[in-house]
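Visitor: This is the structure I have questions about; it appears just below.
The values are calculated or read from the model by the stated rules, or taken from the named source; none is laboratory data. All figures in this text were calculated on a predicted structure; none of them were measured in a lab. No Cβ is skipped: glycine too gets one built from the backbone with ideal geometry, and neighbour counts run over all protein chains shown. Ligands, DNA and RNA are excluded from the accessible area calculation, which covers all protein heavy atoms including side chains. Shrake-Rupley method; radii C 1.70, N 1.55, O 1.52, S 1.80 Å.
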Amino acid sequence: MCGIVAYVGHREAYPIILKGLKRLEYRGYDSSGIAVISDEIKVYKKQGRVSELEESLLGVHLSATIGIGHTRWATHGEPSDRNAHPHLSQSGRISMIHNGIIENYATLKSELVAKGYQFKSDTDTEVLLNFIDDIRENNECSLEEAVRIALKRVTGAYVIVLLDEENPDTLIAARKGSPLVIGIGKNEHFLASDASPIIEYTKEVVYINDYELAIVKGDELILKNLGNEKITPFVQQLDMELAAIEKGGFEHFMLKEIFEQPDTIFDSLRGRLDLANADIVMAGVQKYIEELKNANRIIIVACGTSWHAALIAEYIIEELCRIPVEVEYASEFRYRNPIINKGDVIFAISQSGETADTLVAIERAKEKGAIIFGILNVVGSSIARISHAGAYTHAGPEIGVASTKAFTAQLVVLALIAFKIAKEKKSISEERFIHLLNELSAVPNKVAEILQNTTEIKRIAEKHADATSFLFLGRGYNFPIALEGALKLKEISYIHAEGYPAAEMKHGPIALVDENLPVLFVATKDAYHEKVISNMQEINARKGKLIAIVTDGDTSVSELSQDLIFVPEADELIAPIINTIPLQLLSYYIGVTRGLDVDKPRNLAKSVTVE
Ligand code: AGP
């Protein structure tokens, strides 16, 4: 899940690539590098952030109109200068960047070592590069042909882009499993892992599919498959504005994206929630409404925060649609050989639409005849392209590594889908359906209300910022929100945090509770409220430092804790969307108070494109 950028055309390549790497830094920030051709190939790389590479290149003459750049999330070989990309072949003639994992690199490496190759790094990438170069030399064929031959021997995932000293006007690129988009300009082309480095230069893009090869010059883009057959590029228009990927005056993308939620939630409802006709309009759902209504079961596959959205969807769909739902960690589902019957419906939830665990899991399920329904944020992403149908969450580009606005948009879209199925199945009354539509339409304002005054959340965050451990508890629809609160805090503050169903505490975890442990309850008014209050008393009895998210005007818990965060009242099915906001802010303010980079937390990356 590295970020790759490349350029060929008439402009200076370095500034374009450097800016592109900064835009993609959320995909990995262990090291970065750039290679250009001016007379010969020149490679510059550095451990750490792109800004450190930029610093190290001050005063270096880098004039060139072709180049490749990479920002790394380390898989094979620790973060270091020598493991940074781009790599240079032993012949010195070719340089390459790579996003993905070459699973059989050890076999290829031993073949090359037997031929006398020596390696400067510990990476799988350098092995593939020399494997390609070796084929080119021994077969006396073009680099393009050598790449085609080599990739037929490779197992794993990759986007690779190669620079060739003897063809200084041509880039060779190929893709399998990792994302690649090519921007088409006037006599210039931009290559990148996603559209964010491209948007300011052109809106005309081509999304490259698996097993496709691109031969790119300034004035020419040729696509071929590994069988050397030409493919007509499918040019699409980007539906994104540059402002969407700028901080817009906020200190961090995470804070900007938290504050965008009244708008992004509205955008995920726009054109779908039809209050006037008491209906929900979603083309993808309508296309498969019979399969959805009559599904024997719905399996939801996801990772991380998206998996928490899946848990909420399970509760809502089972309650309203009376269809059994199974929620699966994609990485486990992928390898445990699950029972999938023809016609089973699989929901794939993913912000990026590129998460390898989810992508491969649904590829397998699709082969077994399942219907794949994608709930995705990134338009044109890999999961979108293999899904039978789906719904975009319309949260806009999410740059902060910790998912915030995409999560609440997922909850909104999943609720819309469940309400629609329930209406079509007549498994809920028209009156309940209309009530839920009104509740959903009120969410943007309720979220705006919370964001108007974050003083109390900030105070509580600063009070607990030096915690070493943290518990998040909830029941019913608030249980997955407790899990999400714990994940956000772990990602952003590096504090060990766990989420639990509140009643589960007495079966063991309550042993953790003492006067040093902050315990946050998501305790808004719902069917479980009385039970949650008794669970809070159990924690209070063990002197736990109680914090609670409660419904406006609820005085039933004021005796139990001084740290209360009030949120507007909402139906219990809708409340998780609202209750998430204070948890996002709490983790943000604790992260900032601890002086951490909340947009690029250590060891993480925005989209996990390797298994
Ligand atoms: C959430 O804050 C994390 N970035 C991570 O858990 C993320 O949710 C997970 O990697 C899934 O990503 P996806 O939604 O893009 O598939």
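Visitor: Taking only protein heavy atoms and a 1.4 Å probe, what accessible area per residue, in Å², does the range 1-141 have with all protein chains in place?
Guide: That works out to 37 Å² for each residue.
Visitor: For the range 479-530, what number results from the quotient of the Cα radius of gyration and 2.2 N^0.38 Å?
Guide: 1.19
Visitor: While we're looking at this one, here's another question. How far is the Cα center of the range 389-453 from the Cα center of the range 500-560, in Å?
Guide: 27
Visitor: Follow-up question, since we're still on this one. What does the accessible area of residue 290 come to, in Å² to the nearest 10, when a probe of 1.4 Å is used?
Guide: 90
Visitor: Ok, one more. Given the C-alpha centroids of the range 102-169 and the range 83-97, what is the distance between them in whole angstrom?
Guide: The range 102-169 and the range 83-97 have Cα centres spaced 10 Å from each other.
Visitor: Further question on the same structure: How about residue 426: which aspartates and glutamates have a C-alpha closer than 16 Å to its C-alpha, ignoring those fewer than 8 places off in the same chain?
Guide: 279, 290, 291, 318, 319
Visitor: From the phi of every residue in the range 96-102, what ³J(HN,Hα) in whole Hz does the Karplus formula 6.51 cos²θ - 1.76 cosθ + 1.60 yield, where θ is phi - 60° and glycine or proline is x?
Guide: Values, residue by residue: 9, 10, 8, 10, x, 9, 8 Hz.
Visitor: Relative contact order (percent) for the range 475-606, with alpha-carbon contacts under 8 angstrom and 6 or more residues of separation?
Guide: 30
Visitor: Which percent, to the nearest 5, of DSSP beta bridges fully inside the range 67-209 are antiparallel?
Guide: 95
Visitor: At a 1.4 Å probe, what is the % contribution of carbon and sulfur to the accessible area of the range 418-562?
Guide: Ligands and nucleic acids excluded, carbon and sulfur give 49 percent.
Visitor: Additional query: Give me log10 I(q)/I(0) at q = 0.23 Å⁻¹ for the range 289-412, Debye formula, one equal scatterer per alpha-carbon, no solvent.
Guide: Ignoring solvent entirely, the Cα scatterers give -1.45.
Visitor: Could you tell me which of the pairs 342/420; 446/525; 490/606; 115/152; 420/490; 230/606 are separated by over 25 angstrom between their Cα atoms in the structure shown?
Guide: 420/490; 230/606
Visitor: To continue, here is another question. Using Cα atoms only, what is the angle between the long axis of helix 405-425 and the major principal axis of the chain, expressed in degrees (0 to 90) to the nearest 10?
Guide: The two axes meet at around 60 degrees.
Visitor: Counting helices only, and only those DSSP H runs with n ≥ 4, report the 222 nm mean residue ellipticity of the chain as the sum of -39,500 (n - 2.57) divided by its residues, in deg cm²/dmol to the nearest 500.
Guide: Here the helix-only value at 222 nm equals -11000 deg cm²/dmol.
Visitor: Quick one: Kirkwood hydrodynamic radius for the chain, alpha-carbon pairs, angstrom, one decimal?
Guide: Answer for the chain: a Kirkwood hydrodynamic radius of 25.5 Å.
Visitor: Right, next: Give the distance, in whole Å, between the Cα centre of the range 179-240 and the Cα centre of the range 309-326.
Guide: Computed from Cα coordinates, the inter-centre distance equals 39 Å.
Visitor: For the range 438-499, count all C-alpha to C-alpha pairs, find those more than 18 Å apart, and express that count as a whole percent of the total.
Guide: Looking at the range 438-499, the distances longer than 18 Å represent 52 percent of pairs.
Visitor: Run through the DSSP bridge list for the chain and note the antiparallel percent, rounded to the nearest 5.
Guide: About 60 percent, rounded to the nearest 5.
Visitor: How high is the relative contact order of the chain, in percent, counting Cα pairs under 8 Å that sit 6 or more residues apart?
Guide: Value for the chain: 12 percent.
Visitor: What Kirkwood radius, in Å to one decimal, follows from the Cα pairs of the range 199-283?
Guide: One over the average 1/r among Cα pairs gives 17.1 Å for the range 199-283.
Visitor: Beyond 18 Å, what share of the Cα-Cα pairs of the range 371-439 is found? Please give it as a whole percent.
Guide: When every Cα pair of the range 371-439 is considered, 49 percent fall beyond 18 Å.
Visitor: Alpha carbons only, please: Rg and Dmax for the range 167-325, in angstrom.
Guide: Values for the range 167-325 (Cα only, Rg and Dmax): 21.1, 62 Å.
Visitor: Additional query: Accessible area of residue 446, 1.4 Å probe, to the nearest 10 Å²?
Guide: That residue has around 40 Å² of solvent-accessible surface.
Visitor: Given that compact globular proteins tend to follow 2.2 N^0.38 Å, what is the ratio of the alpha-carbon Rg of the range 79-226 to that value?
Guide: 1.02
Visitor: Quick check: net charge around residue 180, other residues with Cβ under 12 Å of its Cβ, Lys/Arg +1 and Asp/Glu -1?
Guide: Net of charged neighbours comes to -2.
Visitor: If we count every other residue with Cβ under 12 angstrom of residue 338's Cβ, Lys/Arg +1 and Asp/Glu -1, where does the sum land?
Guide: +1
Visitor: To make sure I understand the rule: partners must be lysines, Cα under 18 Å from the Cα of residue 543, and not fewer than 8 residues away in the same chain. Which ones qualify?
Guide: Partners found: 463, 506.
Visitor: Let me ask you something else. For each pair in 45/488; 176/224; 19/42, compute the distance between the two Cα atoms and list the pairs where it is over 25 Å.
Guide: Exceeds cut-off: 45/488.
Visitor: Report, to one decimal in Å, the Kirkwood hydrodynamic radius for the range 418-534 based on all distinct Cα pairs.
Guide: 16.6
Visitor: Right, next: Using only Cα atoms, figure out Rg for the range 510-602 and give it as a multiple of 2.2 N^0.38 Å.
Guide: In units of the globular-protein estimate, the range 510-602 measures up at 1.17.
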